[in-house]
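Asker: Pasting a structure here, questions to come.
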Amino acid sequence: KDSDEFLAQVLNYGVYLQENLGYKDKLFLDLGIRGDRNPSFGDNIGTQFYPKAGVSYMLSSEPWYKNTVVNSLRIRGSYGRAGNLPPAFANEKTIRFDGFAGDQAAYFGQPGNDDLKPEKTTTVEGGIDVALLNNRIKFSAGYYRSLTADALFYIPPSPSSGYAVSQLFNIGEIENHGLELSATF
């Protein structure tokens, strides 16, 4: 009939580097990388990295571009990766306590997962921005494609395992793509 107390902390360690470069106010480059380490990652998982890159070209800034109707014309593209962390302690092996026949009884909690890592979404996008009639009318169009790898899902245990709680695993992929259009008048 004894029990103990404990204190647990969830910390996320990260480093982020970014650089923005421009050339003659017409070509722009955006580069960055982030590294994360989190105790919710399994023991077999180290630091996770998320790069990004973007480029933008102002075609209307070229000296040969002479169009009185289209004031601004920009072409852009980008690539990036982002992560979604697992919930705190989802990778830990635990024991649960409950009453049984008037006494305290221990049973399996969650089985733990030494290979648990964040799900990662990689996105690629391309687009064009146009401004007309002294910037009174603006149009923007872009296409994107996102792919999430190692998606996080709870899987129920097999009855023979002795565990009663579903466990979090990195399984499956999720794809998302579409066209974004906007207009401002």
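The values are calculated or read from the model by the stated rules, or taken from the named source; none is laboratory data. Note that this is a predicted model, so its numbers are computed, not measured. Positions of Cβ are backbone-derived with ideal geometry, glycine not excepted, and every protein chain shown enters the neighbour counts. Calculation scope for accessible area: heavy atoms of the full protein, side chains included, ligands and nucleic acids excluded. Shrake-Rupley method; radii C 1.70, N 1.55, O 1.52, S 1.80 Å.
Asker: Return the pairs, sorted by first residue and then second, in which the second residue is of a type in the set (Val, Ile, Thr), the first residue lies in region 165-178 and is on the phi < 0 side of the Ramachandran plot, the beta carbons are less than 7 Å apart, and the residues are 6+ apart or on different chains.
Answerer: If the second residue must be of a type in the set (Val, Ile, Thr), the pairs left are 166/155; 167/155; 169/155; 173/148; 174/148.
Asker: For region 112-139, give me each residue that is assigned to a strand (DSSP E or B), surrounded by 16 or more Cβ atoms within 10 Å (Cβ to Cβ) and polar (S, T, N, Q).
Answerer: 121, 123 - these are the residues of region 112-139 that are assigned to a strand (DSSP E or B), surrounded by 16 or more Cβ atoms within 10 Å (Cβ to Cβ) and polar (S, T, N, Q).
Asker: Out of all the residues in region 142-159, is one or more part of a loop (DSSP other than H, G, I, E, B), hydroxyl-bearing (Ser, Thr, Tyr) and more than 30 Å from residue 51 (Cβ to Cβ)?
Answerer: Checked against the condition, which is being part of a loop (DSSP other than H, G, I, E, B), hydroxyl-bearing (Ser, Thr, Tyr) and more than 30 Å from residue 51 (Cβ to Cβ), region 142-159 yields at least one hit.
Asker: What are the residues in region 73-107 that are modelled with pLDDT under 85 and part of a strand (DSSP E or B), if any?
Answerer: Listed by number, the residues that qualify are 95, 96, 97, 98, 99, 100, 103, 104, 105, 106, 107.
Asker: Shifting gears a bit: For the subset of region 13-59 comprising residues that are open to solvent by 100 Å² or more (accessible area, probe 1.4 Å) and within 18 Å of the chain's Cα centre (by Cα), which member is nearest to residue 83 (Cα to Cα)?
Answerer: Taking the candidates together, the pick is 49.
Asker: Based on what the data block shows, is residue 136 under 29 Å from residue 34 (Cβ atoms) and out of contact with any helix residue (DSSP H, G or I) (no Cβ under 6 Å at 6 or more places or on another chain)?
Answerer: Values: under 29 Å from residue 34 (Cβ atoms): no; out of contact with any helix residue (DSSP H, G or I) (no Cβ under 6 Å at 6 or more places or on another chain): yes.
Spelling it out, it is not the case that residue 136 is under 29 Å from residue 34 (Cβ atoms) and out of contact with any helix residue (DSSP H, G or I) (no Cβ under 6 Å at 6 or more places or on another chain).
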